[in-house]
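Step one of this worksheet: look at the structure below.
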Amino acid sequence: MPKVAVDGDIVAHNELVTDVWRMEVEARPIAREGEPGQFVQLQIPQGGFTLRRPVGIAEIDRQKGTVAFIYRVVGKGTKALSKLPVGSQINVLGPLGHGFSLQAKHPLLVGGGMGLSPLLCYAEHSQGKASVLMGGRCERELFWQKIYAPNVQDVFCTTDDGSCGTKGFTTTLLPELLRQGDYDLVIACGPEIMMQGIARIAHEHGVPCQVSLEKRMGCGLGACLSCSIDTTRGERKKVCKDGPVFWAEEVFDLK
Ligand SMILES: Cc1cc2nc3c(=O)[nH]c(=O)nc-3n(C[C@H](O)[C@H](O)[C@H](O)COP(=O)(O)OP(=O)(O)OC[C@H]3O[C@@H](n4cnc5c(N)ncnc54)[C@H](O)[C@@H]3O)c2cc1C
Ligand code: FES
């Protein structure tokens, strides 16, 4: 798949909730080729950032030629990103890596935190085929509900404090959903500990599972080795090039 570096116009940029931003960029070649689960490397124009920052593709509008990213401000790079005004330009390198399987009839998306951003792209792409299970500490963190609702069959929620949906974690509710539903694929994105738990439960229920890994990245192109991992078969893989999406049994010990 061709990768390009595009100077894209920022056509929308707004804060969805405190420190979580949505940026929409006109980048026609990336919008044309991008698939759910792939990511881009953003070059932050001011502030002397030599390394690009990786973000998942949250939305693709092939007609408008735009891609959108939803990111949390966590450090200097994402802080500088949040200051960029609509109308300015940003260099976007992508689409990078391998995306999720698009073959499932009824996939269940399971996400926590910013992991819900790349899953949104899958939900939009699969046009009502998917359901989503989202987990957060409290209702405020599940602002994603209304963003997902038009694109999925069901929205299931868990919160640590019980302020929304089932009290507990996504792993609390998942066994019941897999027993009752007709899901043929589980796709997880979020904290690694959550994905391990989700993958194990999916395995116990005989449902295939894909996970999207996050590692610190330098180049994003398979050249610097900063994102290397060992697979369960003892192979060395690069998250940026071989992933970020992997079959769960490739990267987690499920026994
Ligand atoms: C494939 C992929 C997709 C991602 N998608 C999203 C997304 O959709 N939304 C979102 O909010 N965040 C996403 N992240 C995490 C995001 O890249 C980091 O939060 C961001 O790079 C932090 O940059 P910073 O300068 O603000 O933080 P700092 O901590 O100041 O960054 C310092 C350095 O570490 C790197 N770095 C820091 N944290 C991470 C991290 N978690 N992963 C990779 N590199 C990191 C930065 O690129 C930078 O080189 C993704 C990460 C990866 C690997
Ligand atoms: S980030 Fe350079 S090899 Fe993956």
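Read-outs: derived from the displayed coordinates by stated rules, not from any lab. As the structure is a computational prediction, the values presented were derived from the model and not from experiment. No Cβ is skipped: glycine too gets one built from the backbone with ideal geometry, and neighbour counts run over all protein chains shown.
Going 7 Å from the Cα of Ala149 in the Cα-to-Cβ direction, what parts of the stretch 155-175 have a backbone nitrogen less than 17 Å from that spot?
155-158, 164-166
Can you pick out the pairs among Lys146/Lys215; Lys64/Lys129; Lys64/Lys238; Lys76/Lys129; Lys215/Lys255 whose Cα atoms lie more than 26 Å from each other? Spell out each step's value before the answer.
Working: Lys146/Lys215 29 Å; Lys64/Lys129 23 Å; Lys64/Lys238 32 Å; Lys76/Lys129 38 Å; Lys215/Lys255 24 Å.
Cα-Cα > 26 Å for Lys146/Lys215; Lys64/Lys238; Lys76/Lys129; rest within.
Over the stretch 168-255, what is the relative contact order in percent, taking alpha-carbon pairs closer than 8 angstrom and at least six residues apart? Could the numbers behind the result be given before it?
Working: 121 pairs, mean separation 22.5, N = 88.
Relative contact order comes out at 26 percent.
In debye, nearest 20: dipole of the stretch 107-251 around its Cα centre with unit charges on the Cβ of K, R (+) and D, E (-)?
With only Lys, Arg, Asp and Glu charged at Cβ, the dipole is about 380 debye.
Taking H as built 1.01 Å from N, whose amide H comes closer than 5 Å to the amide H of Ser226, not counting residues under 5 places away?
HN-HN under 5 Å from Ser226: Gly218, Cys219.
Against the longest principal axis of the chain, how steep is helix 170-180, in degrees 0 to 90 to the nearest 10, with axes from Cα atoms?
Between the helix axis and the principal axis of the chain, the angle is about 60 degrees.
Please give the net charge around Glu139, taking every other residue with its beta carbon less than 14 angstrom from that of Glu139, where Lys and Arg add +1 and Asp and Glu add -1. Don't skip to the end; give the middle numbers.
Details: positive: Arg137, Arg140, Lys146, Lys167; negative: Glu141, Asp160, Asp161.
Once positives and negatives cancel, what remains is +1.
When the gyration tensor of the chain is built from Cα positions, what are the square roots of 5 times its three eigenvalues, in whole Å, from largest to smallest? Mind dumping the intermediate values first?
On the way: eigenvalues 161, 90, 57 Å².
Rounded to whole Å, the semi-axes are 28, 21, 17.
How much length is gained on full extension from Ser82 to Glu139, taking 0.36 nm per residue of separation minus their Cα-Cα distance?
The span from Ser82 to Glu139 would gain 18.1 nm if fully extended.
Output the 0 to 90 degree angle, nearest 10, between the alpha-carbon long axis of helix 116-125 and the longest principal axis computed from the alpha carbons of the chain.
Helix 116-125 and the main axis of the chain meet at about 90 degrees.
With an 8 Å Cα cut-off and a minimum separation of 6 or more residues, compute the relative contact order for the chain in percent.
Values: 587 pairs, mean separation 43.0, N = 255.
Relative contact order, the chain: 17 percent.
Whole-Hz ³J(HN,Hα) for each residue in the stretch 238-248, computed from phi via Karplus 6.51 cos²θ - 1.76 cosθ + 1.60 with θ = phi - 60°, x for glycine and proline: what do you get?
10, 5, 5, 9, 7, x, x, 8, 10, 5, 4
Placing +1 at every Lys and Arg Cβ and -1 at every Asp and Glu Cβ, with all other atoms neutral, what dipole size does the chain have around its Cα centre, in debye to the nearest 20?
Working: 28 positive and 28 negative charges, 129 e Å.
Around 620 debye, computed over the chain.
For the chain, build the charge dipole from Cβ charges (+1 Lys, Arg; -1 Asp, Glu) around the Cα centre, then report which of Ala188, Pro45, Leu221 sits farthest towards its positive end.
About the Cα centre, the residue reaching furthest to the positive side is Pro45.
Count charges around Trp21 for me, please; just the other residues with Cβ under 11 Å from its Cβ, Lys/Arg as +1, Asp/Glu as -1. Walk me through the numbers before you get to the answer.
On the way: positive: Arg22, Arg72, Lys79, Lys83; negative: Glu15, Asp19, Glu24.
Net local charge, Trp21 excluded: +1.
Can you give the local net charge around Pro54? Use residues other than it whose beta-carbon is closer than 10 angstrom to its beta-carbon, Lys and Arg +1, Asp and Glu -1. Display every interim value, and only then the final one.
Values: positive: Arg52, Arg53, Lys215, Arg216; negative: Glu214.
Local net charge: +3.
Name the long-range amide H neighbours of Val186: under 5 Å, sequence gap of 5 or more, or other chain; modelled H, no Pro or chain starts.
Leu108, Cys209, Gln210
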